[in-house]
Every structure is written in structure tokens, then in C-alpha cells.
Amino acid sequence: MNNRIIIIGGGIAGISAIKAIREVDSEIEIHMISNEKFYPYNRLRLTKGLFGNLSEEAILLQKREWYEANSVKLYINKEVTRIDVEEHEVILDDDSRLKFSKLLLASGAHNFTPPIEGIDKQNVYTIRHLEDAWVVKDIVLEKKKPLTIGGGIQGLETAWELNQHGAEVAIAEIQSRLMPMQLDIKASQILHSIIESYNIKVYLETQVHKILGENSVTGVSREDGLQISCDMVVYNAGVRPNIKYIKDTPINFNKGVIVNNKMETSVQDIYAAGDVAEFKSRISGLWNIAIEQGKLAGYNMIGMDKVYKDIVPVTTLNAFGISLFSMGNVDEGKCDYSLIEESSENKVYKRIFIHENKIAGAIVIGDTKKSPILKSAIENQILVDEFDLSKIFIESEIITRKE
Ligand SMILES: Cc1cc2nc3c(=O)[nH]c(=O)nc-3n(C[C@H](O)[C@H](O)[C@H](O)COP(=O)(O)OP(=O)(O)OC[C@H]3O[C@@H](n4cnc5c(N)ncnc54)[C@H](O)[C@@H]3O)c2cc1C
């Protein structure tokens, strides 16, 4: 058998795998196949800097020369349509076949299209690829009343960028508060009121039922009849892994490709990492996890024996004039007690959640410069007695709340 690694997908999981492989092995052939027209780029920038410089060159994950310097053969604008597991081959959209000794599925995910009547109208968008961001940027020159569906991190970042570009923005969120997975009730309220202070209207418990308008958008409606006027919609309703090309293979999948803690799939020599992978019944959909899984798959594909340990998800938001950090267990029902500091004008809110005497989670709104200290404490399960609280809190202001 040849000695060639093929990586399907030019995202951060695939790039992280290459870096890990090249740390150890400079010889093995690496081929990366991407169905996008561009060199691999930083997807986070699409909403974090929508109106910044979004040229391909400005957001590349690696400089173009990096691929040659690392002996990586990069295929741009080529799609893997099938895998021949028996023959150890991938088949591309031009019917060419490439042999592999190890294969990494790093094909990521696509944005889920919610089943809303009228979602196929003109002026309804979603942002996953660079071109999507360009289209939204252009259309905002004409359309001034966007509505974002989904009050998660990407929806909020999009709303903020559009607001800063002079648009009259509204947000529709199905849940009863913003970012319920990452924030407690108080933090959600603070965020909500800060957002509304920018004249952005937030509609909670709002499941958009229909997008109104003949061809182009004139508004949306809820099942109870409430109508919200808008002239464009940007939806962000979660993701679904890109697994079409494995459907007629013996590779086990559920929502994503099922992997064990070595990032191995059910088929020998085939690995998966990042948004396409389902580990412990979960699709992470997160950048840091894609990096970690990609790295681990890279090491294991060249014969190392690394085990993936669940990493604690971190959320950061820099928008609406604030910084926000949330990490770990922020569910008061699952903690013994918490330590809180809050300012009366609601500009600062810090809360550390303690479980079994360890720092289990944290929320910070305001100055998040010290959040790496909290990140490390949560990752390393530091005992609260061993943690210097004065690094985070003004001690005289701490309130202890028993849960
Ligand atoms: C706008 C936006 C903002 C985000 N913000 C955050 C954030 O703040 N924090 C966070 O943690 N995460 C964020 N995410 C999620 C994060 O970007 C993903 O978790 C991460 O990109 C996953 O990396 P990946 O390499 O697994 O997949 P992807 O980045 O999806 O890359 C996979 C690549 O494979 C290609 N591909 C798919 N199928 C094939 C095929 N058959 N053949 C060849 N190529 C194929 C895809 O087109 C894509 O280029 C954001 C995502 C978006 C879209």
C-alpha cells in the first residue's frame, strides 16, 4: 500500500492534522482536498469581521507558501463524492481516484436550513462560506432592515456587525432568553439590555413561522400572528455535518461520523475530526474542539497513540461594546454554590460556579482580560481554596450564593 494521507476538507481540523503530522513526520505524502474556491481560511472571521477586510488573502489560515514548504498537495475547488473503502480510494467530482493509506474526514458542516415557509425567497441568507459573507456585505448596501434568526453567538455577531453598518436590526430567538446554554438568567438579562441599548430589537420566544413577501422579503411572522417587518433575513439555526459522500460506505454515522477517543471511525485507517465528527453522541460545532480533534487524528494517523480528552467549551463574544466570556458548568442547579460580583450599572458581572469544591464554570461580562486565569482553573479543576480570588474579584464585593 502507498504511504499517503488524504484529508477531505480544507478547514481548521484538517490544517491542525497537517501541523501535527509534520511535527513528527516530514516524509509522508499529504493531500488535502477542498471543495471551496479558496485556500483554507479562518471561518470565524466571517462574522467577527463582516465589514472588515474579508479578502481571501486577509483571512488565510496559512500563507500560500506554507503548503509547498510542508509538502502538502492542496486541491482547490475539488469535491470528494465517494470513498471506495475496499480499494482505499477517494473519488473526486471529476471521477479521478486517489489512493490513500490513511484518510481523514474533516469535511465540517453546513448551516441547517430551518423548515420555515418562504426560506427560499430572495434576500434570505446564511453565512458559512466566504462568498456568503461577501453577498451579505453587498446586499446591506441596499437593504437596511435585516432580521437575524437565532440569538446564538454567530447570530449576535452578525446582528452587531449589521447594526454598526447603520442597519435597523432585529433578532428573533426561539428560547426565552439569549444564550441560555452559556449564560445564567442575570447575564442573559444584562446582555439583552445592552443589545437593546443599540436600538436592536430582540424578540424572545419567537419561532419564525413564515417569511413574508412576494419574491423579496417584507417581514416575518410568528404562529400567533405577530408580524415583524424586515427587508432581509440572515438565519443561523445550527449546523449539520457534511457526510453525503460516506452514505454508501460501511463507515458508521449518526448525525455525524461516529468516532472513538482516538478519532478512529468504524473503518480501519479512516479517521474523522472537527464539525463532521460525532464523539460521545455530540457534534461540537466549535473551533477549539476542531483544532484538538484534528491534531489528535493527525498524530494517530502516523502511528502515535494519543487519546482525546473532552475539552471544556469556551464562548467569547466581543460585540455591543462589551466582552463576554463563558466556560464550563454555568448551571446553578448543578453547582454547590457560586461567587458573584456585579456592578450596579450592569457593566460588570462575574460569577464563578463551584462544584465539589472545584471551580467548575464561570461567566464574565465586562473586562475579560483575566479570563485565561479562569480558563486554566476550570480546565485543571483547581480547588477553590487554592485559587486566588483577588485575581478575578474585588474581594469586598463578592456575594456568595448557595444553590
Ligand atoms: C460565521 C461563523 C462563525 C463562527 N464562530 C465561532 C466561534 O466564535 N467560536 C467557535 O468555537 N466556533 C465558531 N464557529 C464554528 C467553527 O467555525 C467550526 O467549528 C470550525 O470551522 C470547524 O472546522 P472544520 O475544519 O471541522 O470544518 P469546516 O470549517 O466546516 O471546514 C470543512 C471544509 O471541508 C469542505 N468540504 C465539505 N465536504 C467536502 C467534500 N466532500 N470534499 C471536499 N471538501 C469538502 C467544506 O466546504 C469546508 O471548506 C463559527 C462558524 C461560522 C460559520
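Summing charges over neighbours of Gly155, with a neighbour being any other residue whose Cβ is under 12 Å away from its Cβ, gives -3 when K and R count +1 and D and E count -1. Once every Cα of segment 124-235 carries one equal point scatterer and solvent is ignored, give the base-10 log of I(q)/I(0) from the Debye formula at q = 0.10 Å⁻¹, two decimals. Normalising to I(0) and taking log10 leaves -0.27. Element breakdown for the chain at a 1.4 angstrom probe: carbon and sulfur atoms account for 46% of the accessible area. The convex hull built on the alpha-carbon positions of the chain has an orientation-averaged projected area of 21.6 nm².
From the gyration tensor of the Cα coordinates in segment 296-344, what semi-axes in whole Å does the equivalent ellipsoid have, largest first, with each one equal to sqrt(5λ)?
Details: eigenvalues 251, 65, 8 Å².
Computed over segment 296-344, the values are 35, 18, 6 Å.
The DSSP beta bridges internal to segment 85-239 are antiparallel in roughly 45% of cases.
I need the peptides 147-153, 332-338 ranked by packing, meaning the mean over residues of other C-beta atoms within 10 angstrom, with the highest value on top.
On the way: 147-153: 24.7, 332-338: 15.3.
Packing order, densest peptide first, comes out as 147-153, 332-338.
Accessible area per residue for segment 321-402, computed on protein heavy atoms with a 1.4 Å probe, is 52 Å². By the helix-only formula, in which each DSSP H run with n ≥ 4 contributes -39500 (n - 2.57) and the sum is divided by residues, the chain has a 222 nm mean residue ellipticity of -6000 deg cm²/dmol.
Starting from 0.36 nm per residue, how many nanometres of slack lie between Ile394 and Asn215 once their C-alpha separation is accounted for?
Details: separation 179, 0.36 × 179 = 64.44 nm, distance 5.58 nm.
Stretched fully, the Ile394-Asn215 segment lengthens by 58.9 nm.
Computed across segment 321-402, the Kirkwood hydrodynamic radius from all distinct Cα-Cα pairs reaches 12.5 Å.
The values are calculated or read from the model by the stated rules, or taken from the named source; none is laboratory data. Owing to the predicted nature of the structure, the values given are computational and were not obtained by experimental measurement. Note that we place each Cβ from the backbone using ideal geometry, even for glycine, and neighbour counts take in every protein chain shown. Just the protein is used for accessible areas: all its heavy atoms, side chains included, with ligands, DNA and RNA removed. Shrake-Rupley method; radii C 1.70, N 1.55, O 1.52, S 1.80 Å.
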